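Nothing in this text is a laboratory measurement; each read-out follows from the coordinates by a stated rule. Just so it is clear, the structure is predicted and the values come from calculations on it, not from any experiment. Reconstructed Cβ throughout: ideal geometry from the backbone, glycine too, with neighbour counts over all protein chains shown.
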Amino acid sequence: MSYAVVHMEKMKAYDLKGMQFHHQRERESRTNPDIDKKRSCENYDLVNEDPIDFNQRVKEIIESQKTGTRKTRKDAVLVNELLVTSDREFFNRLDPDETRKFFEDSLAFFQERYG
C-alpha cells in the first residue's frame with residue numbers, strides 16, 4: 001500500500017539562493033549526485049511559468065503582507081518548503097497526466113490550508 005509523504009522544512013534568508021539553484025537546476029548539485037540532468041526537462045513548476053529569483057519573490061510577498069513598519073528579523077523563517085511525494089510503486093501506476101493531477105491536488109490542498 002502506498003502513502004503520500006510530506007516533508008516540511010523551515011528556510012531562512014540564507015537558504016533561499018541554494019533552494020533556487022536546486023529547484024531550477026541552475027548549478028550542478030554537489031550534495032545529490034542522483035539528479036539525472038537528462039530528465040530535468042520533465043520537471044515543472046505549478047506556480048510560476050518562468051524561473052524566478054526566490055529572494056526577490058519572498059521579499060515581495062513579505063512586503064505586501066506587512067501591517068507595521070518593523071523590519072523582518074535577520075534570522076526569521078521566511079519560507080516553509082513542502083516536499084510532497086510517495087513511493088515508486090505509486091508513481092509507476094500513474095501516467096504523466098495523473099501524476100501532474102496528484103501534484104496539482106496537493107498544491108490546492110496546501111494553498112487552501114496554509115495560504
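Volume per residue of the convex hull around the Cα atoms, evaluated for the chain, comes out as 139 Å³. The lysines whose alpha-carbon is closer than 20 Å to the alpha-carbon of Lys12, local same-chain residues fewer than 8 away aside, are Lys59, Lys66, Lys71, Lys74. The charge dipole of the stretch 5-114, taken about the Cα centre with unit charges on the Cβ atoms of Lys, Arg (+1) and Asp, Glu (-1), comes to about 780 debye, rounded to the nearest 20. Whole Å is fine, so just give me how far the alpha carbon centre of the stretch 75-115 lies from that of the stretch 1-30. A separation of 13 Å, based on Cα centres.
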